[in-house]
Every structure is written in structure tokens, then in C-alpha cells.
1. Regarding segment 104-119, can at least one residue be identified that is under 22 Å from the mean Cα position of the chain (by Cα) and not in a helix (DSSP H, G or I)?
2. Is it true that some residue in segment 79-99 is under 20 Å from the mean Cα position of the chain (by Cα), surrounded by 13 or more Cβ atoms within 10 Å (Cβ to Cβ) and more than 23 Å from residue 308 (Cα to Cα)?
3. Inspect segment 52-65 for any residue being touching a residue at least 60 places away in the same chain (Cβ under 8 Å), among the hydroxyl-bearing types (Ser, Thr, Tyr) and part of a helix (DSSP H, G or I) and give the result as yes or no.
4. Filter segment 144-161 down to the residues that are among the aliphatic types (A, V, I, L, M) and more than 19 Å from residue 254 (Cβ to Cβ) and list them by number.
5. If you check 37, 44, which single one turns out to be basic (Lys, Arg) and assigned to a helix (DSSP H, G or I)?
6. Inside segment 120-199, counting only helices (runs of 4 or more DSSP H) that do not spill past its ends, which hold 1 or more residues that are aromatic (Phe, Trp, Tyr) and in contact (Cβ under 8 Å) with a residue 24 or more places away in the chain?
7. Residue 256 versus (1) touching a strand residue (DSSP E or B) at 6+ places or on another chain (Cβ under 8 Å); (2) under 30 Å from residue 13 (Cβ atoms); (3) not acidic (Asp, Glu): which is the lone unmet condition?
Amino acid sequence: MAGNGLAALAAVAVAAALELAVGEPSNRFHPVAWLGRVVAPLDRQWDRPLLVGAVAAVSLPLAFGSFVGILVATASSVSTIAGVSTAGLALFLTTSLRELLAAAGRVVDASDADLPAARDGLLALAGRDASALSAGQVRSAAVESAAENLADGLVASLGAFVLGGLLAGGVGLPALPVAAGAAAWVKTVNTMDSMLGYRSKRVGTPAARLDDAAMWLPARASALLLAVAFASPSSLARAREWLDAVPSPNSGWPMGTTAAALGVRLEKPGTYVLNPASDLPSGAAARRGITRVGVAGLLAYLLAGAGVLAWS
């Protein structure tokens, strides 16, 4: 138990250190960007879009996760240090926090001084038409994206890593390769959903439904982490009041918790409003929200480190 747990703890530490030092590699060197190029050809008209989408939703995450698991297993056969380093690198490449917070912060900083620049910057965070958004709505979108992507970009992969290793140990499989593969699997599912999971793209429906299932626990865990980061336990209960307004079965949890804890209205015009009785976030409130998302991310790393120590 100690050997597996300590190796996994070291891998989580490697991922966290790389996140702190590097942030995020450029798309040219990022495997998730390479994955996007594999998924992109699916975005066209098909005679049987649901069948094609279902096959892709099952096969691509399994293939990518298996590939990562094999890499970690091969490196582990060379040495423990090689295995830990490869697993840590894989976990780092399936997570994102520093660049998310930086991008959201840049949008908020520009929202008063240069609204057109803030709108342009929002394109890297939120898939919505920003051309007519007010400064408050731009700040709202930045805070929403930071909260939602805490779950998509960090907690989901860390959680899959911890749970993958726990399950692997329970059935006698090598924990570290399975954990790294699980993190890669959930990242692939999320990437496919972000590219194809729109109502207008029937080929993406299976990936969207799979992502809904995969993100059920990370979204709620992220909401809990945000409530702790804000020191606002009541924000979880308040968030429940607005969940029906959000089309996604998951993203309303971290966004609603953030809206309640900050005491601001967060909205996507024409789609949903969270905490409607409050005002849109000021610059100061938006920056506080982004900072607290960062605190919640730190808590996620600490919990992942604690969780892997339970591996057998």
C-alpha cells in the first residue's frame, strides 16, 4: 500500500509543480490539441450520426486512455522514477488551472478599460457571442467559465486519477498506469463534448451524454470545494434554487455556488440567470471569484494527494 500510495502522491506533486511552473504548453506541443485534430473530422454530416457518434464516444476515449496507461506501465518497468514522472506528466496534461485563472483575470481587468478587448478575450473562455455583452456580462461570463472549468479542467481528471487507482488496486491491476489512463479517458470525453456536444450536431449527442455522466460527481465536488474556498456553506443550498434554469445537468452546481457565495448575478443572456435578485459582478467581485476558484483548485490537489494514499 505504501509504495503505490507514495508513488501516486509523487505523481500528483509532479503534476501540481508543472501546473505552477509551466501553466499550459502551447497547442503545438499539447496532446489535447492533437486529440482535437483527431476529433475534428467527425464534425460533418453523417448518414447515421448517432451510430458514428456512439462508436467514437466509446472508442476514442478508450484508445487514448489505454495509450497513456501503456506509456506509464512501460516507463514504470524501467524505473519507479520514470513511471512516476510519466504519470505526473500525463496528469498535468489532462488538467488546467493556472492558464484558466490568468485568462479569466485578463478579461476582467480589460472589462472596464477596454471592453472590445475584453469581449475578444472572452472567446478563449466561453462559447458565446460576446459582441453585445455589457462589461458586467463579460465579467459574469469570465467568472462562470472559471467556476465551470474548475470541474471540467481539473477536478474531473484528478478525481478520475484517484478513483482509477483505487479500483485498479481492488482488482489486482497496476494502479499508476490505470489511474493515468483514467485521467486521460475523462479528458478525452470532455474534449469530445466541448467540440461536438451541441444540439445542432447529432454526431456529438453520445459524447455529450457520456460527458454528462462522467461530470456528475466532479461538478458537485467542485461546488463543495468552492463553498469551502469561499467559507460559505450555505451557498450550496442556495445554488439548488437556480439549477433548473441551466441546460447542463452539471455546470449549474459550481456556477450557482459561486454566484451565491459572491452575492452576484451570473447570467448567459437568453439561456439562464443565477442569483437573479443580485447585481452583475463588479471588477472587484469578479477578481475575488477567480481567486477563490484558484483556492478551490489548490484544495483539489491536496485532496487528490490525500486520496491516493488510500491506494492498495
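1. no
2. yes
3. No: zero hits.
4. Correct list: empty.
5. Checking each option against the conditions leaves just 37.
6. 156-170, 175-196
7. With respect to (1) touching a strand residue (DSSP E or B) at 6+ places or on another chain (Cβ under 8 Å); (2) under 30 Å from residue 13 (Cβ atoms); (3) not acidic (Asp, Glu), residue 256 is out only on (2).
Conditions (1) surrounded by fewer than 20 Cβ atoms within 10 Å (Cβ to Cβ); (2) among the polar types (S, T, N, Q); (3) within 30 Å of residue 179 (Cα to Cα); (4) out of contact with any Leu (no Cβ under 6 Å at 6 or more places or on another chain), marked per residue:
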residue: 53; (1), (2), (3), (4): no, no, yes, yes
residue: 74; (1), (2), (3), (4): yes, yes, yes, yes
residue: 115; (1), (2), (3), (4): yes, no, no, yes
residue: 131; (1), (2), (3), (4): yes, yes, no, yes
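The values are calculated or read from the model by the stated rules, or taken from the named source; none is laboratory data. In this text the structure is predicted, and so the values were computed from the model without any measurement. When we count neighbours, we look across all protein chains shown, and the Cβ atoms used for this are built from the backbone with ideal geometry, even at glycine.
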